[in-house]
Amino acid sequence: MLELKKNDDILTVVGRIDSLAGAMAIIEKNLDSANLQKLSRIKNTDALIKVANAIVMCQPDAVFIDSGSAADVQWIREHSLTKGEENKLAKEGHTIHFDLPQDQARLVNQTYYIINEGEQMSSLAKSVLRAEALEYIKKFMVGIMKGKTMMVGFFSRGPVGAPAAIPAIEISSSAYVLHSAEILYRNCFEHFDAEAQRTGLFFTNVHSEGENVTENVPNARIFMDRSWMTTFATFCTYAGNTLLLKKGNHRFSVDFCTYYKVEEQLSEHMFITGMTGPGGRKTFFAGAAPSGCGKTTTAMVGSDFIGDDLAQLWIAEDGSLRAINPEKGIFGIVEDVNLEGDPFLMKCLRGHGTEVIWSNVLIDKDGTPHWAGHNEEAPKEGINFQGEWFEGKRDADDHLIPMSHKNSRCTLVASAIDNHATELSEDPKGVPVKVITYSGRDGDTMPPVWVAKSADEGVAIGASIVSKATATEVGASGVRRQPWANAPFIPGALADYMEAQFTFFNSKKFSAAGKPVIAGLNYFLTHENRGSSGKGLLGEKKDVKVWLGWLELYANGNVGAIESPIGMLPRYNDLKPLFDSINKEYPKSLYDMQFALYIDNIVKRIDLQTEAYGKEGNIPGRLFDIYAKQKSALLALKEKFGAVVAIDSLS
Ligand code: SPV
Ligand code: MN
């Protein structure tokens, strides 16, 4: 359950402003005439009360209203340089921001949902009771902006007017956070009131880095108040912890869809991209993958790239599935980004003059950023996320310090990327999505691509994602279940989210042509796990184009497929021309390795999921029905062909 506006709004409890008159008195006292003039555009009472309470709580020396004008954005850039949150690099428009060494990724163990007594949460999430959160906020956030300027920006998570777009306020003393917000989100200052009215809600985010010192990081908290759709973040700067327009508000959006938009909308951790098929037709994909599993790369493979991290999906009046990107920029991992795999992104990073905020990479003496896997000559020394660095430098635990942090990132507008479909991205009608994909880092079990035979089986693919831990979360390790690649962002019970997925994808509102193809993708199979004498990954980054290309043909009815218990598998003869088109040899022997069914591995995976979901309350029975059906069909195959079933035995 999610009950909005339940119990007290912590901001109001601390700031004690609950009327427009009270809010205006505080605002008039704390803003200079220029900023007061700007804020006079905003008439939404709740929004003004939120801003006033944040001022009372944080006690900044000054308040800056970011109207989104060129002058205001320039002020923010300069403020960030003055404060030392960013420094200029050699290339015009490029800056470097370092997060503290302890704050290089999402601080999952310090991230909590604020809940009311008796509320049921996701088994994968941490929660804190409202009263406890209030104590923390009183202790650490009162006066946290003394000596600083509070910046307030008004953004839209999506093109203004889109059915699934929701407005949000970002309040922070960090100019880096506001600067990033300006790159990643659409400033909707002029439309804020109308959008808040249209959608009936807005999100609020309050952050301060405080003194920004290592000693304070243990006290850092990322709190998300589900009932009031308000976030609080302290003593950290990493954007995943502080720019809560991104994952903080994504969580609220997931919550909102799960409990208030059933059969209407979904909020997913998905890229959106278009592929050009025969005759120039465009087919749009939305695909989920856990953080750090190639989502950005996959997105950019398309001819019409829309977004690399988040998607808001809905069923339109005409029965089609539609998607918008709540963002307009990329906060992308740079490790292993190089000319071969990511030519368009590299052009922005090394070539023409788009603005880039780099974070946590190595800066050489000439002010040029470097990162692991860039396939260029690398310097032997420089400054990185832990200070001065030289090749061979070790940390206190005697571990070699890498040149760049594994989660170092680049922040830039998506429209700077050559294959970005900028106009379509801004269309409030969204793009029509025909293919949904789910993928993880799976070295030994699932084939590179398979298609669900029904909507229910598609939901089961999403529920069954697994992945090795990545550097995007502090302290994560091992192979983990990653339901829909969205689990870190699902506040409520997983069972409720799953039920909403079943309802959505089985909806009668879809037209026959509007029902998406739902597929699994896996780029991480290795030779070692396929009985080959070779080493390492069975595929390459560039193969992604083939898997998406095949799905494009399949979704449009141009190719058939081979039926198997886990879903439909591609035919060699349909893949071969797609590999030809990327100038790559594709021997039948490789296909045979990739698509052979390793029954024991798959059954083990099904057992793992069945057991794990069995411990979770209220999981829809149809999930277990699908697992049971697939398992018995797999075991029947094993009976007939042995533990490794060649793809040719199925066709
Ligand atoms: C991710 O880790 O999934 C990201 C970056 O997209 S963060 O903002 O940290 O969530
Ligand atoms: Mn992400």
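Laboratory data are not the source of any read-out in this text; all were calculated from the coordinates shown. Just so it is clear, the structure is predicted and the values come from calculations on it, not from any experiment. So basically every Cβ, Gly included, is an ideal-geometry build from the backbone, and we count neighbours across all protein chains shown.
Determine the shape class of the chain: with a ≥ b ≥ c the square roots of the Cα gyration tensor eigenvalues, call it rounded for a/c under 1.5, and otherwise prolate if a/b is greater than b/c, oblate otherwise. It comes out prolate by the Cα gyration axes. Here's the picture: charge each Lys and Arg Cβ at +1 and each Asp and Glu Cβ at -1 in the chain, and of 603, 432, 204 the one pushed furthest to the positive end of that dipole is 603.
Spin-label pair residue 263-residue 45: with each label point 7 Å from Cα along the Cα-Cβ axis, the two points sit 3.5 nm from one another.
So if we plug the beta-carbon distance of residue 74 and residue 558 into 1/(1 + (r/R0)^6) with R0 = 56 Å, what FRET efficiency do we get, rounded to 0.05? E(calc), rounded to 0.05, equals 0.65. The residue among 510, 466, 399 whose Cα reaches farthest toward the positive pole of the charge dipole of the chain, with charges on the beta-carbon of Lys, Arg, Asp and Glu, is 510. Helix 572-581 and the long axis of the chain differ in direction by around 50°, with both axes built from C-alpha atoms.
Axis angle, to the nearest 10 degrees, between helix 175-184 and the longest C-alpha principal axis of the chain: 40 degrees.
Could you give the length gained by full extension between residue 303 and residue 503, i.e. 0.36 nm per residue of separation minus their alpha carbon distance, to one decimal place? Could the numbers behind the result be given before it?
On the way: separation 200, 0.36 × 200 = 72.00 nm, distance 3.12 nm.
Net length gain for the segment: 68.9 nm.
Between helix 45-58 and the chain there is an angle of about 70 degrees, using the helix long axis and the longest principal axis of the Cα atoms. Using the average count of surrounding beta-carbon atoms within 10 Å as a protection proxy, the listed peptides 152-165, 135-148 rank, highest first, as 152-165, 135-148.
Note: relative contact order over the chain, using C-alpha pairs below 8 Å and six or more positions apart, is 13 percent. Every helix of 4 or more DSSP H residues in the chain counts as -39500 (n - 2.57), and over all residues that averages to -9500 deg cm²/dmol at 222 nm. Calculate the FRET efficiency for residue 580 and residue 535 from the Cβ-Cβ distance with a Förster distance of 22 Å, rounded to the nearest 0.05. In this case the efficiency is close to 0.30. If the label point is 7 Å along Cα→Cβ of residue 649, which residues in the stretch 503-531 have backbone nitrogen under 18 Å from it? Those under the cut-off are 530-531. Just how far, in whole angstrom, is the stretch 396-429 from the stretch 127-165 if you go by their alpha carbon centroids? If we compute the Cα centre of each part, the gap is 24 Å.
Once R0 is set to 25 Å, what does the formula 1/(1 + (r/R0)^6) return for the Cβ-Cβ distance between residue 123 and residue 13, expressed as a FRET efficiency to the nearest 0.05? FRET efficiency, residue 123 to residue 13: 0.30. Placing dummy labels 7 Å off each Cα toward the beta-carbon, the span from residue 397 to residue 641 is 4.4 nm.
Using the Cβ of residue 393 as centre and a radius below 13 Å, the other residues enclosed give a net charge of -4, where K and R count +1 and D and E count -1.
Residue separation times 0.36 nm, minus the C-alpha to C-alpha distance between residue 344 and residue 87: what's the value?
Numbers: separation 257, 0.36 × 257 = 92.52 nm, distance 2.49 nm.
Answer, rounded to one decimal: 90.0 nm.
Counting DSSP beta bridges with both partners in the chain, what percentage is antiparallel, nearest 5? Provide the component values of the computation, followed by the final result.
On the way: 65 of 103 bridges.
Bridges in the chain are about 65 percent antiparallel.
Using the average count of surrounding beta-carbon atoms within 10 Å as a protection proxy, the listed peptides 302-312, 276-286, 490-500 rank, highest first, as 302-312, 490-500, 276-286.
Compactness of the stretch 331-415, taken as the C-alpha radius of gyration over 2.2 N^0.38 Å, stands at 1.09. The slack in the chain from residue 573 to residue 366, taken as 0.36 nm per residue of separation less the alpha-carbon distance, amounts to 69.4 nm. The order of the peptides 578-586, 449-457, 168-176 by mean Cβ neighbours within 10 Å, most packed first, is 168-176, 449-457, 578-586.
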